[in-house]
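First up is the structure itself, then whatever we jot down about it.
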Amino acid sequence: MPAEYTVFASLYAEFIFLSILVALFVFAWLTYTVLVHRQGVNQNPNLEKLTPGTFPKERDNLKAEITWFIGPIILIGYLTFLAWGSTVTMWANQPDPNAANTFDMDITAYQWFWEFEYNEDMTWDETHAAPQGTITYTNGTEGVTVFIWESVRDEFPGHTFQAEAGGDVVEFIDGSGMVSGESSNHRKSGHSVLTVSAINSNGDETILGVQHHVAAGFTSINEVWLPNEMDIVWHMNSMPIDDNPAVLHSAFPIEYANKEDIVPNIETTMFFTPQDVGDFEMVCAEYCGQQHSVMVATMHVVDSTQGGVA
Ligand SMILES: [Cu+2]
C-alpha cells in the first residue's frame, strides 16, 4: 500500500472500491442467471427456436445494449480522469529545482545496483541517551563545535564528555560550566559521523548523540539518506559498467508508489515528498537482466536539521 498522504493512496482506494462494486454487480447477476435460466426452470418456448450461429433478431434490446455501452464508458472515463490526476502531479507539477525545500540528487542505475549522488549537503541527528535537542552542533570555520546542555551533564556526574569523528577525538573542557569542544574532521567530506559520549571513571561509554553529515558530491551504493518533508528530486540515468551495458531500469520507491523508467541516453526525473521517517525499500520495476531482482536499495528517511543547505 502506498503511504496514506500520497496522491496514489486515494487513487488505489477508489479503484478498489469501484472494482468491488462492479464485481458485486457482475457476480450477483451471474448467480441469478445461472439459477433462473438453468434447464427445467425457464419454460420460455422461444429458447427452443435458437439456431446456433444466427443472432435471434426478435430478442434484440437496444436499450440494454446502449446501457452496457454507455455505463462502462462513463466508468472507464472516470477512472482515466482519476489516474490522470496523479500523472499530472508526477509530471506536470515537478518542484522547482532551486526552491529551498527541494532536495536535488542524481541517481544512476547499473546492472545491477543503484548509485545515489548528493548535490547538496545534508545533516541529521540520531537521538541516543541525551534527549532530542540537548546537544547542539555549530558549524564553524575550524570545525564543528559541540555543546552539551547542563541538564544532560548533571545526569552524568564524574564523567568526561567526548566527541569523536573519523579518529579525531575531542575531549570537552569543563570550564565555566560550559562544555563544548570542536571536531575538525566532521562535515568535511563524504559521509561523516560525529559521536558524542559520556565516559565514566571505569572507561564505560554512554552514547549521548550522533550527528551525521553528508557532503555534496558524496555517492553511496544501494543505500540513501533522505530529508523528511522535503521535495526529493531525482535526476536518473542508466550507465554501463564493465561488460554490462546501460539498459532499461525503473525506479520504484514502494512507499511513495511512483515509478519512473530509467532509459539509456535519456535523463528522466522523479520526485516525491516523504512525510514519515523510517527505512523504506526501493526496487527496480523493469526487468533488466539476470540479477534484476536483487536491485534493491534502502532509503533512510531522517529528520534533517540542515538538509538542502548547500
Ligand atoms: Cu534494473
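Consider segment 111-139. How many of its residues are open to solvent by 30 Å² or more (accessible area, probe 1.4 Å) and within 19 Å of Thr298 (Cβ to Cβ)?
Qualifying residue count for the region: 5.
Check Thr269 against each of (1) within 16 Å of the ligand (Cβ to nearest atom); (2) more than 23 Å from His213 (Cβ to Cβ) and name the one condition it does not meet.
Going through (1) within 16 Å of the ligand (Cβ to nearest atom); (2) more than 23 Å from His213 (Cβ to Cβ) one by one, Thr269 breaks only (1).
A quick yes/no check of all residues on (1) open to solvent by less than 90 Å² (accessible area, probe 1.4 Å); (2) free of Cβ contacts under 8 Å to residues at least 40 places away in the same chain:
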{"residue": "Ala13", "(1), (2)": "yes, yes"}
{"residue": "Ala23", "(1), (2)": "yes, yes"}
{"residue": "Val26", "(1), (2)": "yes, yes"}
{"residue": "Thr31", "(1), (2)": "yes, yes"}
{"residue": "Asp60", "(1), (2)": "yes, yes"}
{"residue": "Trp68", "(1), (2)": "no, yes"}
{"residue": "Leu75", "(1), (2)": "yes, no"}
{"residue": "Met90", "(1), (2)": "yes, no"}
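When you check Thr206 against the structure, is it at pLDDT 85 or above and of a type in the set (S, T, N, Q), yes or no? I'd like the intermediate steps shown before the answer.
On the way: at pLDDT 85 or above: yes; of a type in the set (S, T, N, Q): yes.
Taking the combined requirement at face value, the residue satisfies it.
All but one of (1) over 10 Å from the mean Cα position of the chain (by Cα); (2) at negative phi; (3) within 16 Å of the ligand (Cβ to nearest atom) hold for Met282, so report the exception by its number.
(1)
Which one of the conditions (1) open to solvent by 90 Å² or more (accessible area, probe 1.4 Å); (2) touching an Asp or Glu at 6+ places or on another chain (Cβ under 8 Å) does Ile107 fail to meet, given that it meets all the rest?
Of the numbered conditions (1) open to solvent by 90 Å² or more (accessible area, probe 1.4 Å); (2) touching an Asp or Glu at 6+ places or on another chain (Cβ under 8 Å), the odd one out for Ile107 is (1).
Given the structure, is Gly289 out of contact with any strand residue (DSSP E or B) (no Cβ under 6 Å at 6 or more places or on another chain), within 12 Å of the ligand (Cβ to nearest atom) and at positive phi?
Values: out of contact with any strand residue (DSSP E or B) (no Cβ under 6 Å at 6 or more places or on another chain): yes; within 12 Å of the ligand (Cβ to nearest atom): yes; at positive phi: yes.
Spelling it out, Gly289 is indeed out of contact with any strand residue (DSSP E or B) (no Cβ under 6 Å at 6 or more places or on another chain), within 12 Å of the ligand (Cβ to nearest atom) and at positive phi.
Check Asp96, Asp106 and return the single one that is without any contact (Cβ under 8 Å) to a residue 12 or more places away in the chain and acidic (Asp, Glu). Explain how you work it out, then say what you get.
Numbers: Asp106 fails: without any contact (Cβ under 8 Å) to a residue 12 or more places away in the chain.
Only one candidate qualifies: Asp96.
Are there strands (runs of 3 or more DSSP E) fully within segment 204-310 with at least 1 residues that are surrounded by 18 or more Cβ atoms within 10 Å (Cβ to Cβ)? List them. Break it down into steps so the answer makes sense when it comes.
Numbers: elements: 205-214, 219-221, 223-227, 231-238, 249-253, 260-262, 268-272, 278-284, 296-302.
Here the list reads 205-214, 223-227, 231-238, 249-253, 260-262, 268-272, 278-284, 296-302.
Just checking, does segment 245-263 include any residue being within 20 Å of Val88 (Cβ to Cβ), aliphatic (A, V, I, L, M), away from the ligand (no atom under 12 Å from the Cβ) and outside the structural domain of Tyr12 (by TED's automatic domain parsing)?
Yes, the conditions are met somewhere in segment 245-263.
Report yes if Leu11 is more than 30 Å from Thr298 (Cα to Cα) and either of a type in the set (S, T, N, Q) or not assigned by TED's automatic domain parsing to the domain that holds Val247 (or both), otherwise no. First the steps, then the outcome.
On the way: more than 30 Å from Thr298 (Cα to Cα): no; either of a type in the set (S, T, N, Q) or not assigned by TED's automatic domain parsing to the domain that holds Val247 (or both): yes.
Taking the combined requirement at face value, the residue does not satisfy it.
From the residues in segment 229-244 that are more than 11 Å from the chain's Cα centre (by Cα) and among the β-branched types (Val, Ile, Thr), which one is nearest to the ligand (Cβ to nearest atom)?
The selected residue is Ile241.
Please work out which residue is nearest to the ligand (Cβ to nearest atom), limiting yourself to segment 93-126 and to residues that are polar (S, T, N, Q) and within 30 Å of Gln290 (Cβ to Cβ).
Initial filter on segment 93-126 (polar (S, T, N, Q)): 93-94, 98, 101-102, 108, 111, 119, 123.
Imposing the further condition that a residue be within 30 Å of Gln290 (Cβ to Cβ) reduces the set to 108, 111.
Numbers: Thr108: 11, Gln111: 7 Å.
Only one residue fits best here, namely Gln111.
The values are calculated or read from the model by the stated rules, or taken from the named source; none is laboratory data. Just so we're clear, the structure is a prediction, and the values are computed from it rather than from any experiment. Because the Cβ atoms are built from the backbone with ideal geometry, glycine has one as well, and the counts that use them run over all protein chains shown. For the accessible areas, the whole protein counts, side chains as well, though only heavy atoms, and no ligand, DNA or RNA atoms are used. Shrake-Rupley method; radii C 1.70, N 1.55, O 1.52, S 1.80 Å.
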